[in-house]
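S.K.: Can you keep this structure in mind? I'll have questions shortly.
The values are calculated or read from the model by the stated rules, or taken from the named source; none is laboratory data. Just so it is clear, the model here is predicted, and its values are computed rather than measured. We place every Cβ from the backbone using ideal geometry, glycine too, and count neighbours over all the protein chains shown.
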Amino acid sequence: MPLRRGTVELSPATVARRLELPDQLTRWLDSLEPVGPPPDEVPMPRGQAALEQLGRLGVVEPDLTAIAQALPTPEQQPELWWLLERAYHQVRLDIGRWDAATWLPSLPAHLGLLGRSFWVFVFLAAAEEMHAWHTRMGIGDDVSWDTLADLGRHIARFRRRNDTTGLDSQFWIGLHFRGALYALGRLQFNPYRLRMGMAGPLFWYEGAAASALGPGFQVGDGALGVHIPAGGALSPAACDESFAMAGRFFRRHFPAHDFAVATCTSWLLDDQLAEYLRPTTNIVQFQKRFQLVPGVREDDRGTFEFVFDRVPESLDDLAPRTQLERVLVRHVQAGGHWRLRTGWLRL
């Protein structure tokens, strides 16, 4: 059953002091105070209901039980609950606001499992409201829950990297929980408007270069961002299906969002990979779909984190198993660097 808010009145300063929050989180607490608690109860599931909902969100053992058993209450953790009910309320208010830029900071390590899982608790409480919004938009259960289940995949990634339960990619998961990103088959897509800098593609065209490409390439034009979640083959057939689904999905459910192109920024578009991999490999076939935008940014760290779930102190610490893993290591051993590239394709 949902729990009602506690009766203890707290101020941001009191919460910060009792939880020993660092000064850099003061701005976040100050932003939460005017948001306030939700007008109704925080719909936090408990017991078996929590386990079932976490399962729908893609959470698996051992994290499933750990999170369900750690759920805070207003009676036992009043300060953390003060944060949770306001963070939940803000997430709920952001649903449908694609351009919301709400700060979702990590809590300090001394709070342990409660701190590491804080945003899991928030998203768990918000899941039914997010799913209901999907339903009102005509989005089916399969797409809705597959989209939200990315939460579980990121919790699993946190465990692989840290050997414990938690979540540190809450900003990314926040896209899913405000209706700004969708899992459509093998790929994920987010509707946005082309821009330079933050929240835009890493590289893009300006002025005459954008005009020469025709309609749909100017800053402010609608586009779809393409994202490649870890896991599963990136086969041409699966990608064909995802791109076809995306065109139909967004034109049906969000007809006001006109778009002509899809963009992707990823190390998977680094054309150096084609120097090592056969033209018939899934990665090279994926690259061939895109026209690359001029510009590169070296990003060995991000590449190794994605593939190996860690950045080694020494390449000798790695034991590459696949052809791709061996290629990544060999290139850096030879003095090279992996790079982020931005590409686009017409839809």
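S.K.: Quick one: in region 255-293, of everything that is of a type in the set (Val, Ile, Thr) and assigned to a helix (DSSP H, G or I), which residue is surrounded by the fewest Cβ atoms within 10 Å (Cβ to Cβ)?
M.R.: Among residues in region 255-293 that are of a type in the set (Val, Ile, Thr) and assigned to a helix (DSSP H, G or I), the one surrounded by the fewest Cβ atoms within 10 Å (Cβ to Cβ) is VAL284.
S.K.: I'd like to check something: does region 330-340 contain any residue that is out of contact with any Leu (no Cβ under 8 Å at 6 or more places or on another chain), outside the structural domain of ARG161 (by TED's automatic domain parsing) and closer than 16 Å to LEU187 by Cα?
M.R.: No, region 330-340 contains no residue that is out of contact with any Leu (no Cβ under 8 Å at 6 or more places or on another chain), outside the structural domain of ARG161 (by TED's automatic domain parsing) and closer than 16 Å to LEU187 by Cα.
S.K.: Right, ARG252: surrounded by 14 or more Cβ atoms within 10 Å (Cβ to Cβ) and of a type in the set (Lys, Arg) or not?
M.R.: Taking the combined requirement at face value, the residue does not satisfy it.
S.K.: Right, here's the next one. Quickly run through region 180-215 and pick out the residues that are of a type in the set (Gly, Ala, Ser) and either touching an Asp or Glu at 6+ places or on another chain (Cβ under 6 Å) or crowded, with 18+ Cβ neighbours inside 10 Å (or both).
M.R.: Scanning region 180-215 gives ALA180, ALA183, GLY185, GLY200.
S.K.: Further question: On the basis of being among the basic types (Lys, Arg) and within 20 Å of ARG17 (Cβ to Cβ), does ARG86 make the cut?
M.R.: For ARG86, the condition - among the basic types (Lys, Arg) and within 20 Å of ARG17 (Cβ to Cβ) - is met.
S.K.: Return the only residue of VAL60, VAL35, VAL15 being aliphatic (A, V, I, L, M), at pLDDT 95 or above and surrounded by 18 or more Cβ atoms within 10 Å (Cβ to Cβ).
M.R.: VAL15
S.K.: If you take the residues of region 230-283 that are aliphatic (A, V, I, L, M) and in contact (Cβ under 8 Å) with a residue 60 or more places away in the chain, which of them is farthest from HIS134 (Cα to Cα)?
M.R.: The selected residue is LEU269.
S.K.: Would you say ARG97 is in a helix (DSSP H, G or I), closer than 23 Å to TRP172 by Cβ, among the charged types (D, E, K, R) and outside the structural domain of ASN190 (by TED's automatic domain parsing)?
M.R.: It is false that ARG97 is in a helix (DSSP H, G or I), closer than 23 Å to TRP172 by Cβ, among the charged types (D, E, K, R) and outside the structural domain of ASN190 (by TED's automatic domain parsing).
S.K.: Output the residues belonging to region 298-318 that are modelled with pLDDT under 95 and of a type in the set (Lys, Arg).
M.R.: Matches in region 298-318: ARG310 only.
S.K.: What do you reckon, is ARG321 charged (D, E, K, R) and surrounded by 15 or more Cβ atoms within 10 Å (Cβ to Cβ)?
M.R.: So ARG321 does not fit the description; no.
S.K.: When you go through ALA100, ALA132, ALA126 one by one, which is the residue that is closer than 15 Å to HIS176 by Cβ, touching a Lys or Arg at 6+ places or on another chain (Cβ under 7 Å) and modelled with pLDDT of 95 or more?
M.R.: Being closer than 15 Å to HIS176 by Cβ, touching a Lys or Arg at 6+ places or on another chain (Cβ under 7 Å) and modelled with pLDDT of 95 or more holds for just one of ALA100, ALA132, ALA126, which is ALA126.
S.K.: Quick test for you: out of TRP119, TRP82, TRP103, pick the one residue that is in contact (Cβ under 8 Å) with a residue 40 or more places away in the chain and farther than 20 Å from PHE171 by Cβ.
M.R.: TRP82
S.K.: Please give the number of the condition LEU345 fails out of (1) part of a helix (DSSP H, G or I); (2) in contact with a strand residue (DSSP E or B) (Cβ under 8 Å, 6 or more places away or on another chain).
M.R.: If we test LEU345 against (1) part of a helix (DSSP H, G or I); (2) in contact with a strand residue (DSSP E or B) (Cβ under 8 Å, 6 or more places away or on another chain), just (1) comes out false.
S.K.: Exactly one of (1) assigned to a helix (DSSP H, G or I); (2) within 24 Å of PRO215 (Cα to Cα); (3) not acidic (Asp, Glu) is unmet by VAL307. Its number?
M.R.: (2)
S.K.: Now for a different question. What are the residue pairs meeting all of these: first residue in region 178-205, first residue in a loop (DSSP other than H, G, I, E, B), second residue crowded, with 18+ Cβ neighbours inside 10 Å and among the acidic types (Asp, Glu), Cβ atoms under 7 Å, and 6 or more apart or on different chains?
M.R.: Within 7 Å, the pairs are ARG178/ASP94.
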